[in-house]
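Below: the structure, in structure tokens.
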Amino acid sequence: MNFELTEEQQMIQAAARDFAREQIAPVAADFDHSGEFPLANIQAMGELGLMGIEVPEQYGGAGLDTIGYVLAMIEICAADAAHGTIMSVNNSLFCNGILKHGSEPQKERFVRAVASGEEIGAYALTEPQSGSDASRMKSRAERSEDGTHYVINARKSWITSGPHARYLVLFAMTDAEAGAKGVSAFIIDTEEAGFSRGKTEPKLGIRASATCEIELNDYRCPVAHRLGEEGEGFKIAMGVLDAGRIGIAAQAVGIAQAAYQASLEYARDRKAFGQEIGTFQMIQSKIADMKCKLEAARLLTLRAAWAKQQAARTGARFTVDGSMAKLFASEACMWITHQAVQLHGGMGYSKEMPVERYFRDAKITEIYEGTSEIQRLVIARQETGLR
Ligand code: CAA
């Protein structure tokens, strides 16, 4: 076992940290307040290689490994989780799936555009009536009579980056009777006829990452833009989420790290009853527990990243590694940010201090890309062999 980072991993970590501290941290509170999408920063992050960290250089990415991706996500999310959300969808949910299942022309066109930061990508699985039970989707894709296109009618909700995305990976039923085996995946160009956007969600946290509903009405998708084979869509969706969940675990570690750091500084500076509050045992107990949970979450997340790298060679699944990392890191993050608000007292409840934003941002990590309940279901099914 070797806990040392490679030179390349240290480099991407340092690049992400520098950008996060110089360009994101100073404006994070303003973006949170306005809810404005940080387009210029996202494009600049694309130029640094942060929008396609695992994408080979030949398709416009940085050509690094999953551990490098996790390290960069932690740094960006420690400055602002909303930037991290956009980054994780571009990396994990959009580029990752097309790299694994896409054709050469699909990689050339769609992965290159998103990995370089020129365009934004999104992932459309959830529908108004189906979230956790993802295979119960109502969206339909039918082959056109001449066989060259699919005609897609779909309504999807909670689409991260939806208001700004140029391309989406979208899932729809090509065989409505076949359940999960009837789902297929498509790459959608939002500038084509038949695509429209619905309401934008007013959210508790990650407010600068825009989220909306989308609709496809008789959208004509060329057969060449189907991702993988017909009927493979559900497995593609689940495999992509296996990777996505590692990114969300990293996001949770980043938010928790920022909350812990702020708490440490406050415990050293703030005085009560004539001494620094960090000298009180009740504060020390919080600091110690926060640190243990933070580092345990970091290790599980890095281990899941390592498992994904191994899987690329062996073909094994890393589903449970990703679910364990996301489950533990998101719940640790929620707990740590809760303690951080408490430790800051009244100031923790004020928008003048960032811990209030960390607390709001933490909550989504327990919900999206599979709730904590779904992660427990995935882990327990695997462990028991029962369904
Ligand atoms: N990798 C590959 N294949 C997988 C898989 C995986 N991780 N998980 C399941 N499969 C396969 C199964 O092997 C099965 O195939 P076979 O029939 O050939 O064996 C098929 O898929 C169906 O699997 P299940 O029977 O297990 O499916 P299920 O209906 O019971 O659902 C579930 C399983 C775990 C509950 C799944 O629906 C799930 O993960 N739900 C949560 C959905 C989710 O995470 N949504 C997040 C939306 S995206 C988002 O949040 C993005 C964002 O905004 C940032």
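Here are some notes:
Condition check ((1) acidic (D, E); (2) in contact (Cβ under 8 Å) with a residue 24 or more places away in the chain; (3) touching an Asp or Glu at 6+ places or on another chain (Cβ under 7 Å); (4) over 26 Å from G239 (Cβ atoms)) across all residues:
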residue	(1), (2), (3), (4)
S330	no, yes, yes, no
C333	no, yes, no, no
T337	no, yes, no, yes
A340	no, yes, no, yes
E352	yes, no, no, yes
I364	no, yes, no, no
S372	no, yes, yes, no
Q375	no, yes, no, no
G385	no, no, no, no
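- Boolean, G52 is at positive phi and part of a loop (DSSP other than H, G, I, E, B): no
- Here is the figure for segment 123-170: residues that are in a loop (DSSP other than H, G, I, E, B) and either outside the structural domain of K181 (by TED's automatic domain parsing) or within 12 Å of the ligand (Cβ to nearest atom) (or both) total 12.
- Within segment 224-261, the set of residues being at negative phi, within 13 Å of the ligand (Cβ to nearest atom) and in contact with a His (Cβ under 7 Å, 6 or more places away or on another chain) comprises just one member, I236.
- Evaluation of A311 against the conditions (1) small (G, A, S); (2) without any contact (Cβ under 8 Å) to a residue 12 or more places away in the chain; (3) closer than 15 Å to S263 by Cα shows that the sole unmet condition is (3).
Each row is one residue, and each column tells you yes or no for (1) among the hydroxyl-bearing types (S, T, Y); (2) surrounded by 15 or more Cβ atoms within 10 Å (Cβ to Cβ); (3) closer than 18 Å to A79 by Cα.
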site: S323; (1), (2), (3): yes, yes, no
site: R357; (1), (2), (3): no, yes, yes
site: A380; (1), (2), (3): no, no, no
site: T384; (1), (2), (3): yes, no, no
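- Boolean, K293 is more than 16 Å from the ligand (Cβ to nearest atom), in contact (Cβ under 8 Å) with a residue 24 or more places away in the chain and out of contact with any Lys or Arg (no Cβ under 9 Å at 6 or more places or on another chain): yes
- Matching residues, segment 208-263, being over 14 Å from the mean Cα position of the chain (by Cα) and closer than 24 Å to L343 by Cβ: A256, Q257, A258, A259, Y260, Q261, A262, S263
- Scanning segment 264-296 for residues that are within 18 Å of V341 (Cβ to Cβ), among the basic types (K, R) and outside any helix (DSSP H, G or I) returns a single hit, R270.
- Index of the failed condition, R381 passing every other in (1) over 25 Å from A325 (Cα atoms); (2) within 10 Å of the ligand (Cβ to nearest atom): (1)
- Qualifying residue in segment 112-119 (condition: assigned to a loop (DSSP other than H, G, I, E, B) and of a type in the set (D, E)): yes
- Subset of segment 80-110 [part of a helix (DSSP H, G or I) and more than 15 Å from the chain's Cα centre (by Cα)]: I98, L99, K100, H101, E104, P105, Q106, K107, E108, R109, F110
- Checklist (1) away from the ligand (no atom under 16 Å from the Cβ); (2) farther than 30 Å from V355 by Cβ; (3) assigned to a helix (DSSP H, G or I); (4) under 18 Å from the mean Cα position of the chain (by Cα) applied to M11, failing item: (4)
- If you check R268, R313, R303 for being within 25 Å of E352 (Cα to Cα) and out of contact with any Leu (no Cβ under 7 Å at 6 or more places or on another chain), only one passes: R268.
- Residue match in segment 262-273 (condition: in contact (Cβ under 8 Å) with a residue 60 or more places away in the chain, away from the ligand (no atom under 16 Å from the Cβ), surrounded by 24 or more Cβ atoms within 10 Å (Cβ to Cβ) and not assigned by TED's automatic domain parsing to the domain that holds F110): yes
The values are calculated or read from the model by the stated rules, or taken from the named source; none is laboratory data. Please read these numbers as outputs of a predicted model, since none were measured by experiment. FYI the Cβ positions are ideal-geometry reconstructions off the backbone, even for glycines, and counts take in every protein chain you see.
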